[in-house]
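All remarks here apply to the structure that follows.
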C-alpha cells in the first residue's frame with residue numbers, strides 16, 4: 001500500500017518514520033482531508049509560479065528579439081526596472097496564497113507538459129507579441145516619430161529611440177496582466193485578493209508602471225534612455241491595450257486552456273467514431289463452422305465463439321475434426337487447442353487473467 005500510494009499519513013508517532021513523513025496528532029483519518037487540501041493547493045501554486053516565470057522570461061525575450069531585428073536594444077536600466085521592480089516582487093509573492101478551505105473532486109494538473117500549461121504559456125506570449133507589434137505601428141503613426149537610422153555608428157542612438165520606447169512600454173502590460181490572470185480562478189486555492197503580499201506587490205508594480213507611463217521626469221528618461229513621444233495617441237493605445245489584454249487573456253485562459261478544449265472536442269466526436277468502428281467490427285464478425293469428417297458422410301454445424309472452447313475441451317484423442325472460420329480458411333483442432341484462437345486477442349488476455357485470478361482466489 002505504501003508503494004502504491006502517493007503520500008502516506010501515519011496515525012501513530014511510533015510508525016511515522018516508516019509509514020510517511022506526515023503524522024496525525026489525533027489517531028483519525030479525518031486529517032487526510034486536510035492533507036489533500038494542502039497538497040493540492042501547494043501543487044497548484046507551484047504550477048502558477050512556473051507559468052509566471054516562463055511568461056515573464058519569454059516576454060522579455062520577445063521584446064529583445066524584436067528590438068534586435070530593428071537594430072536596437074533595451075537599455076541596462078530598463079532591464080533593471082523589469083527584473084528588480086516588476087517581475088521579482090510578483091514572482092516572490094505569487095506563491096504565498098493559502099489553499100482552499102474545502103476539498104473539490106477535481107484534481108490539479110500533475111504534468112508541466114500538459115496542454116493547459118503549455119497552451120497557457122504560448123497564449124500569453126502570442127498576446128504579448130501582438131501588443132508589442134501593434135505598439136510599433138502606433139508609434140510610427142505619431143506626429144513626432146523619427147525612424148531609427150540603421151547606419152548610425154553611435155550605439156547610444158540605437159538604444160535611445162522611439163522603437164525602444166514603444167516596445168518597453170508595451171511589454172510592461174504583459175507582466176502585471178499575466179500575474180493577475182494566472183491567479184484569478186483556482187478551485188484549489190483561495191481568491192488571489194486574500195494573498196496580502198501579492199496584492200502589495202501588484203499595487204507597487206502597477207503604480208510604478210503608471211508613474212513611468214504618465215510622468216515625464218527628465219532624470220528618469222535620461223537614466224532609462226527613453227525617447228518619449230508627445231502624441232497622446234500612443235498613450236490612449238496603452239490604456240486600450242491594457243484592458244484588451246486582460247479581457248482576452250482571461251477568456252482564453254479559462255475558456256480554452258484550463259478547460260482543455262481539444263480533449264472536450266475529442267470526447268464529443270469520440271462516440272460517433274466509436275460507433276462507426278463498432279459497426280465495422282460487427283461486419284467482420286464470423287461464426288465458426290465445424291466440419292466433422294467421417295468415412296460415410298460429412299456433417300456441418302455452426303457454433304458460436306462462446307461454445308468453441310467448450311467443444312475443444314470435450315473432444316479428445318485423435319484429431320478427427322477441424323474448425324473453419326467463415327469461408328476463407330480452415331484451422332485444425334490441434335492448432336486451436338495449442339494457440340487458443342479467439343475472435344480478438346484482447347479478449348483472450350482478459351479471459352486468461354480472469355481464470356488465473358479465480359484459481360488463486362479460491363485456492
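Computed values, structure above
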| read-out | value |
| --- | --- |
| Residue selected from the stretch 78-101 under the condition surrounded by 20 or more Cβ atoms within 10 Å (Cβ to Cβ) and in contact with a strand residue (DSSP E or B) (Cβ under 7 Å, 6 or more places away or on another chain), by the criterion nearest to residue 228 (Cα to Cα) | 97 |
| Neighbours by Cβ (under 7 Å, 6+ apart or cross-chain): first from the stretch 66-85, closer than 10 Å to residue 158 by Cβ; second loosely packed, with under 15 Cβ neighbours inside 10 Å | 71/150 |
| The stretch 242-259 residues that are assigned by TED's automatic domain parsing to the domain that holds residue 112, paired with ones that are outside any helix (DSSP H, G or I) (beta carbon under 7 Å, 6 or more apart) | 250/184; 254/185 |
| Some residue of the stretch 116-139 being assigned to a loop (DSSP other than H, G, I, E, B), over 19 Å from residue 221 (Cα atoms) and in the same structural domain as residue 237 (by TED's automatic domain parsing) | no |
| Unmet requirement for residue 70, which otherwise passes all of (1) more than 19 Å from the chain's Cα centre (by Cα); (2) over 26 Å from residue 130 (Cβ atoms) | (2) |
| Residue, farthest from the chain's Cα centre (by Cα), within the stretch 73-113, restricted to residues that are under 30 Å from residue 139 (Cβ atoms) and in a loop (DSSP other than H, G, I, E, B) | 75 |
| Of the criteria (1) out of contact with any helix residue (DSSP H, G or I) (no Cβ under 7 Å at 6 or more places or on another chain); (2) in contact (Cβ under 8 Å) with a residue 24 or more places away in the chain, which one residue 148 fails | (1) |
| Odd one out for residue 57, checked against (1) surrounded by 15 or more Cβ atoms within 10 Å (Cβ to Cβ); (2) under 22 Å from the mean Cα position of the chain (by Cα) | (1) |
| Test: residue 156 is at pLDDT below 85 and assigned to a helix (DSSP H, G or I) | yes |
| Residue within the stretch 52-68 that is in contact with a helix residue (DSSP H, G or I) (Cβ under 6 Å, 6 or more places away or on another chain) and at pLDDT below 90 present | no |
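Quick grid of which residues meet (1) free of Cβ contacts under 8 Å to residues at least 12 places away in the same chain; (2) touching a strand residue (DSSP E or B) at 6+ places or on another chain (Cβ under 8 Å); (3) surrounded by 19 or more Cβ atoms within 10 Å (Cβ to Cβ):
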{"position": "104", "(1), (2), (3)": "no, no, no"}
{"position": "111", "(1), (2), (3)": "yes, no, no"}
{"position": "132", "(1), (2), (3)": "no, no, yes"}
{"position": "135", "(1), (2), (3)": "no, no, yes"}
{"position": "143", "(1), (2), (3)": "no, no, no"}
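The values are calculated or read from the model by the stated rules, or taken from the named source; none is laboratory data. Since this is a predicted model, take the numbers as computed values, not measurements. Heads up, the Cβs are rebuilt from the backbone with ideal geometry, glycines too, and the neighbour counts pull from every protein chain shown.
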